[in-house]
1. Could you order peptides A:258-266, D:161-169, C:60-68 by the average number of other Cβ atoms within 10 Å of their residues, highest first?
2. Which far-off residues, 5 or more places away or on another chain, put their amide H under 5 Å from the one on B:TYR285, with H placed in the peptide plane?
3. Any of A:LYS127/A:LYS189; C:LYS83/C:LYS362; A:LYS108/D:LYS189; B:LYS108/B:LYS140; B:LYS83/D:LYS150; B:LYS150/D:LYS83 with alpha carbons more than 18 Å apart? Name them for me.
4. Please state the charge dipole magnitude for segment A:293-365, taken about the Cα centre, from unit charges on C-beta atoms (+1 on K and R, -1 on D and E), reported in debye and rounded to the nearest 20.
5. What number does the protein assembly as shown give for Rg over Rh if you use C-alpha atoms and the Kirkwood radius?
6. Could you list D:GLU314, D:GLU213 so that the one with the fewest beta carbons within 10 Å of its beta carbon is first and the one with the most is last?
7. If contacts are Cα pairs under 8 angstrom and at least 6 residues apart, what is the relative contact order of chain C in percent?
8. From the phi angles alone, apply the Karplus equation (6.51, -1.76, 1.60; θ = phi - 60°) to segment A:178-185 and give each ³J(HN,Hα) in whole Hz, x where the residue is Gly or Pro.
Protein chains: 4
Amino acid sequence: MTTIEHSTLEVAVLANGQALSVPVYRIRGESDGPSVYIQANMHGAEVQGNAVIYQLLEQFKSLHCLGNITLVPLANPIGSNQKSGEFTLGRFDPITGENWNRGYHFNKSLPIEFAADNKQLTNEEIKQKFRQAIIDDLEKNKLNNPYGAKTSQLLCAQLQRMAFDADIVLDLHTGPISSRHLYCPEYAKDRATLFDIPHVLFIPSDFDGAMDEATFCPWWQLQQAYQAQGRDIDVMVEAFTLELGSQEWLSLAAASEDSDSVLSYLQARGVIKGEVFNPRQMTRYGCMLEHYRALYAPQSGLVEYLAPFGEILEEGQPLVQMLHMERYVDDDCVTQVNAPQRCIPVLHFASASVNRGTELYKVMTNFFTL
Amino acid sequence: MTTIEHSTLEVAVLANGQALSVPVYRIRGESDGPSVYIQANMHGAEVQGNAVIYQLLEQFKSLHCLGNITLVPLANPIGSNQKSGEFTLGRFDPITGENWNRGYHFNKSLPIEFAADNKQLTNEEIKQKFRQAIIDDLEKNKLNNPYGAKTSQLLCAQLQRMAFDADIVLDLHTGPISSRHLYCPEYAKDRATLFDIPHVLFIPSDFDGAMDEATFCPWWQLQQAYQAQGRDIDVMVEAFTLELGSQEWLSLAAASEDSDSVLSYLQARGVIKGEVFNPRQMTRYGCMLEHYRALYAPQSGLVEYLAPFGEILEEGQPLVQMLHMERYVDDDCVTQVNAPQRCIPVLHFASASVNRGTELYKVMTNFFTL
Amino acid sequence: MTTIEHSTLEVAVLANGQALSVPVYRIRGESDGPSVYIQANMHGAEVQGNAVIYQLLEQFKSLHCLGNITLVPLANPIGSNQKSGEFTLGRFDPITGENWNRGYHFNKSLPIEFAADNKQLTNEEIKQKFRQAIIDDLEKNKLNNPYGAKTSQLLCAQLQRMAFDADIVLDLHTGPISSRHLYCPEYAKDRATLFDIPHVLFIPSDFDGAMDEATFCPWWQLQQAYQAQGRDIDVMVEAFTLELGSQEWLSLAAASEDSDSVLSYLQARGVIKGEVFNPRQMTRYGCMLEHYRALYAPQSGLVEYLAPFGEILEEGQPLVQMLHMERYVDDDCVTQVNAPQRCIPVLHFASASVNRGTELYKVMTNFFTL
Amino acid sequence: MTTIEHSTLEVAVLANGQALSVPVYRIRGESDGPSVYIQANMHGAEVQGNAVIYQLLEQFKSLHCLGNITLVPLANPIGSNQKSGEFTLGRFDPITGENWNRGYHFNKSLPIEFAADNKQLTNEEIKQKFRQAIIDDLEKNKLNNPYGAKTSQLLCAQLQRMAFDADIVLDLHTGPISSRHLYCPEYAKDRATLFDIPHVLFIPSDFDGAMDEATFCPWWQLQQAYQAQGRDIDVMVEAFTLELGSQEWLSLAAASEDSDSVLSYLQARGVIKGEVFNPRQMTRYGCMLEHYRALYAPQSGLVEYLAPFGEILEEGQPLVQMLHMERYVDDDCVTQVNAPQRCIPVLHFASASVNRGTELYKVMTNFFTL
């Protein structure tokens, strides 16, 4: 029987002086399997990951966990509690507009300097010493900066501090209205089929502020720096962003399926013992990030979304139907927006009304089967 | 072939000096049938009524309209264009919080004074003269007030000015996530079954600021005032609020059904000629407004809505399941909120996360079959 | 030396399960002086009242308090923590638009029923028994309702529960950009000059949802109900709303002046012992609430506020200058909005850009010297 | 007498189909002086630049303008019209959180490729041909992209298209609560003293999405690319961001001073004829951008801003005083935040309540006298 420890971590303080905290659940591994960090709900409206963590905890109780596992649901108490109308306005800091999932820290000179200064270390020494280096750098620049740090950076840094202890990081998100899809770093592309997720976006080693990047960029760029010296090492951690469907939607039943999917991956990576959880047979499509395209509304209006997710749409087939009630009589009152090229729709906007320039759909182009 | 005239009416001016306007579509009646005013989308996120107006216009082209018909889609250009995150924050003025559908004008002393001063008039004279009186009162107090009027009052007054010319007013709304339902004044309860709407709320003659009330309250209270004098007259206009399903949702197909439903009503009231449109056979439930109850969340948390709309729920059966990920291990992590009494759920909140005190569900209690 | 007790009261629960609470400071009276309840910051941006409570607490330490005093700063933790951009969007519930200071409870049939049922009671018995009646009614309808209550109602009810124990209630607010002004019930008009506040609005016995009204309406309408029976009793409690200047503004120095002003009133009412605090010599203007007029912007544009507070403005003199940069060359680019009648400006809008219908200024008309 | 032409440019379309446009004022130069583009109010709450454009237009009427001048007030009609509470929430797109002044386009490979491909051109040919190249690139990537572009990018691209025709670009902004300050590219540092602006931030050639950078980065990086080839050319355009004081504040009198300041600069650059306008004698401080530091609130609370702008503050002197009314009795209720090092405060936050991590002040460190 697995023991689950519960603690809370203060991550923000409100204007009235009250602290906001996140719950932290910890399982001590039975042996020296890879350590894992899983968080959910960094964007306030994307709640389904919490239900997946719930189902994982329920499962872990009767599983053998070989490595340490840390689970952080409700990871962003500011975003979770920010309403504007009925909608949870939890995608960005309401004061500054900064996307909560772009506040993580990465010091791009660190991997290069480290590789230059530490040529003699063994792989195991590299792992230990570099991990300490990125932790020290995070603490110095964000957690203990005499000028302070932004609200979003403080939140991110505290989560990142926990994630830095792990070999595997899973960040559970959702799209707006969305199918399941996975952001997978290119170097780890063989792991993509371990999840029951039909759409996979392969991402390069650039840093754009997100948790998955903040986790693997240091290690990936370290691997590249050693490679430039002629030494081949593995990227020593891996991180994925799982998009588990739509925001503002909670389903314990669907969460149970995603929990099984995560357990397949964890079992394959040696985090849990046994052979019970295995990826499902399914068609999985992948594309490179640069071919994952947003289509912006060419005009404003009311929108009926037509294209289903996960099915191939040929060039010229309709994505949406738009209603323009200001131009009945005089002009086309009902119009369509069509696919600019062959693609697979993955997600669409959450509202039935859009401005010119609103992101209507995101689609995979130049896709391939995994 | 019916001719549809298109004009636009300026209803607001933005801070940068640009006017916002509403499209107005007008059909001249072939004879002296009742005049009709239909508007949609007074709350910004409630777009489906626009599609119903679209389908009505398509139908009217080949129908014989006996009375004048005015249709105003996109009735609130401020609300339609107010986004906060992806959601259309169009329920209230973002500056003041005032619900856009509570800004209509009603001078409660007017019916009493009119009835006192106009005892000798015929019914037809009453209709003409009282209509002029409420128009004059509206123009004096809201449209031409030397102190101006609030943004919401100015918008409402201009729509109300058009509605005052009509014998029948339909205000097309939607709920948050909702079944179809109808607000029907008690005096007009026999008209409720002319629509294909399964849930009907019967409302009293009180004024709370909404368009339907602003339409019928003057006439209903006039009828009461004459009744107090011992004279029986009819309430000379009628007004309904139709809730056409969920907000942030557009469906031309569903709109076609609702258009047929509205045409059934209009045909029965003599607005269109023929016998083509008739109400569908269906179970219709009604209750008095005081028995239409909101259930507020007794605690905060993430919500999975369980109770379907339109089906009888017995006392103690679950409405929602709530997930509280901050209390796994220590306390009940999954809880339920149950029906406090026998009821029929009509609508629920739009978000998957709620505070204590958020309106979870609205339900009919003490309901009956129409 | 006065002892100040500190406790906290949970008044709301956030979506992530965390409670929000208000600090409550209590002083036990040395004898049986009137009991007092003072709260501040019910609207999130109106912070200055907190500083006044701070200065009052500093003073109370060395004063003799004869009655019990309860002080609640930061009274609305939801509003205090609701940002939208830099501004504290704390005037209304961001989900529903409901003004936080309109959620208090008042059962208008209670005073009438009580007076009918309790004709034989002494004044002291009336005071005790009616107080219990309104407390019971509040608990039954808001705090223990099986259908729950709205977030704003729950917050208000908990504050109101504390206020119901007091003989004197002061609700500390501010305007947007504003001079000091006071809302004073008509029956207590001789107390208006006890404060150092130059502008006084006299309000009738109607209930519109605010704390001051929720405090005095039951007792005032009780007094009226007994009067209708031919029995004269006093209104047994009194309540004032103090507007302490502008929102989003904190000044410990100005707070010290307002603290002295409140102490003058409390000393005169026998709450504190001594003769130290006395109202300042100043010109005080008053008007009836119906003559306190809002002027709404007749057009949209950028605004330079010209009229200073507290000085008499003659009809036709300018309140604001507006800049319309969209119409340079073609039209008047700079316009003025003038006073429609002789008045004293009391407050103006907080932003430099307005829509048509935005409340520009509030002014006293038909004013008189106190 | 100078002729001012007025046109309007459509830059956005609202959900209800209505276009939003910006006013464009154009003056044809009398000879071949440098062409100028001036815009204001890209952030919705920063209105004072419009008043400066007003005063400039008033002055230009009687001046000799040697080059073409284009003036665009109210440059962001979306931002200008976005309210949330009384405040104009115009800093970022309310849907996505994207800062309106970070949506400009820059293709960093263009200068390098151009310099590689065009070694033989004369300076004058470079100027003409490179200008065309950046215009073509902008049109292809943003204005005519088959996938469309984001709302903010479409707005920015249309403004940028006009700015690309100019030799001099001035973008008029304000801070939150702020002194006058200037963002000046390092290569143009001798122009900083031509304005009557006491604080100057010198910025490097990096691109971060703002209008000034979008203007000079292509040309500056072109200059650097030629320099790498051993050829010295000038940076052929210049661009400045002027911060004209505080947001939500309009003053025609202050605008007149800033208009004179801009005319001093334009006269010195040969845009207007004469010797009338000359920079005022004043102490001007400058620092490099990396030394312009934001201080983030180390704790949450209510804030009284103490440090005046433009005066040297020694290390340890107080910037703000904070009030924490939740901890009276038990803890320090009034605290201070002090300068971490010697600095000159330039701006501070606009609200009196802050979270931990809110930007309290921005200060110049390692400053010097110009």
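1. A:258-266, D:161-169, C:60-68
2. B:HIS199, B:VAL200, B:LEU370
3. Checking Cα-Cα distances, A:LYS127/A:LYS189; C:LYS83/C:LYS362; A:LYS108/D:LYS189 exceed 18 Å.
4. It comes to approximately 300 debye.
5. 0.96
6. So the residues, fewest neighbours to most, are D:GLU314, D:GLU213.
7. It comes to 17 percent, rounded to a whole number.
8. 7, 7, 6, 8, 10, 9, 10, x
Every read-out reported here was derived from the displayed coordinates using simple, explicitly stated rules and does not represent laboratory data. Keep in mind that this is a model prediction, so the values were computed, not measured. Note that we place each Cβ from the backbone using ideal geometry, even for glycine, and neighbour counts take in every protein chain shown.
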